[in-house]
Structures are given as structure tokens and as C-alpha cells.
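Let me begin by presenting the structure, written as C-alpha cells, before commenting on it.
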Amino acid sequence: MPSTFETNEPTLEELLDDIHKGRIQLPDFQRGWVWDDNHIRDLIASVSLSYPIGAVMFLETGGEGANFKPRLIEGVVIQGSPMPKLLVLDGQQRLTSLYQSLRSGRVVKTRTEKGQEIDRVYYLDMAQCLDPDAERLDAVVSIPADRIVRSDFGRKIELDLSTPEKGLKWVTSLWRLSMTRTV
């Protein structure tokens, strides 16, 4: 009789949806979200390739043990203060980065590796994603909030994704690609 191993691990879609609805929050002692643009791009590239991105650890709420004051994960905007079912003990930087770049539907307020604050939207170059010889990190494109990449001190437009028509070969997030991925 062949033995099978099954887990009931949630998909990335389920985790990000639970964050979006406030079912997953942070305990009050967790530090703030600090990941920069390069970390976010690396993480998206790893998820798009189904690479393991590390474990996350949760604490179920509602028990008789220690009670921590919850707070929403950065970028979540909801009415009221729902009580979470889970608190993130480990993996907050990864989950927050994935939530903001893939699920929130808003511009990601992050920083460069030198600490300069920037607003970013993340895209995938689908031609590079489908090319087995292409470097996946090059396929993850981080662009300004206006969705226009400029060079030559702003005089030359290198990439314009400011309208849906201009971005037909691009996917605005990995959301559709990651529906079955797990963390």
C-alpha cells in the first residue's frame, strides 16, 4: 500500500486574503515592515518560480494563554478592528511584502537599498518569464507609481505602462500566477 503525505497548508492566495480581511494580524511587539525594493523583487521572483521562501509561524488567538494586542499588517485598510484568528510570529517581512505587492491593489511605499523612500508597482515581463534561459529577477520589474520608467534625467521614456493597453504583455501582479502557490 503506497503511503502518501498530505499537508493542509494554506495557499498563498488564502494567506493574503486572510491578511486583507484582518484574519491574520501582527502582535503588538513585532517591529515595523522594513524591506526595500530589491528584497521585494527577489521575493516575487522566488514565488514566481515556486521556490521555497521560508516558513512562517503563527499563533492562534482566543486561547487562555498570553494575549497580545493585535495590529493590522502594514498596507491593510479595512473598516473597524476585527479580531484576528492568527498572529504572525515569524515571516512578517515576507508576508507584508507579498501582501502589498500582490494583493493590496495599491502602490507599495518602500525604499531603495540606500534608504531613499520610493513608491513602486511590480510587474512581470511575461516574455522573460516564459523564456527558460532568462534570469527571473530580470523579469520582475519595479516601476514608479505613475507606471512610467524614464531615463536621461526624465527626458526619455523607456517603458510606459500607464494604461492597460500599453501593458498588454505585462501582468500587474503575480496574483493570477500564484493562486496555487503555498508559502
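The values are calculated or read from the model by the stated rules, or taken from the named source; none is laboratory data. Everything numeric here is computed off the predicted structure, so don't read it as measured data. Here Cβ is always computed from backbone atoms with ideal geometry, including for glycine, and neighbour counts include all displayed protein chains.
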Problem - Matching residues, the range 37-52, being over 12 Å from the mean Cα position of the chain (by Cα) and surrounded by 11 or more Cβ atoms within 10 Å (Cβ to Cβ) - result: ASN38, LEU49, SER50, TYR51
Handout entry: Scope the range 69-102; condition within 9 Å of the chain's Cα centre (by Cα) and not hydrophobic (A, V, I, L, M, F, W, C); matching residues
Key = ARG94, THR96, SER97, TYR99, GLN100, SER101
Practice task
Pick out, from the range 88-183, the strands (runs of 3 or more DSSP E) lying fully within it that include 1 or more residues that are charged (D, E, K, R), at pLDDT below 85 and surrounded by 17 or more Cβ atoms within 10 Å (Cβ to Cβ).
Solution key: 117-125
Problem - All positions within the range 68-87 that are assigned to a loop (DSSP other than H, G, I, E, B) and within 19 Å of SER104 (Cβ to Cβ) - result: LEU72, ILE73, GLU74, GLY75, VAL76, VAL77, ILE78, GLN79, GLY80, SER81, PRO82, PRO84
Practice task
Mind listing whichever residues of the range 15-29 are within 13 Å of PHE68 (Cβ to Cβ), surrounded by fewer than 19 Cβ atoms within 10 Å (Cβ to Cβ) and in contact (Cβ under 8 Å) with a residue 60 or more places away in the chain?
Solution key: PRO27
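Residue by residue, here is whether (1) at pLDDT 95 or above; (2) aliphatic (A, V, I, L, M) holds:
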| residue | (1), (2) |
| --- | --- |
| HIS20 | yes, no |
| ILE24 | yes, yes |
| ARG31 | no, no |
| ASN38 | yes, no |
| SER48 | no, no |
| TYR51 | no, no |
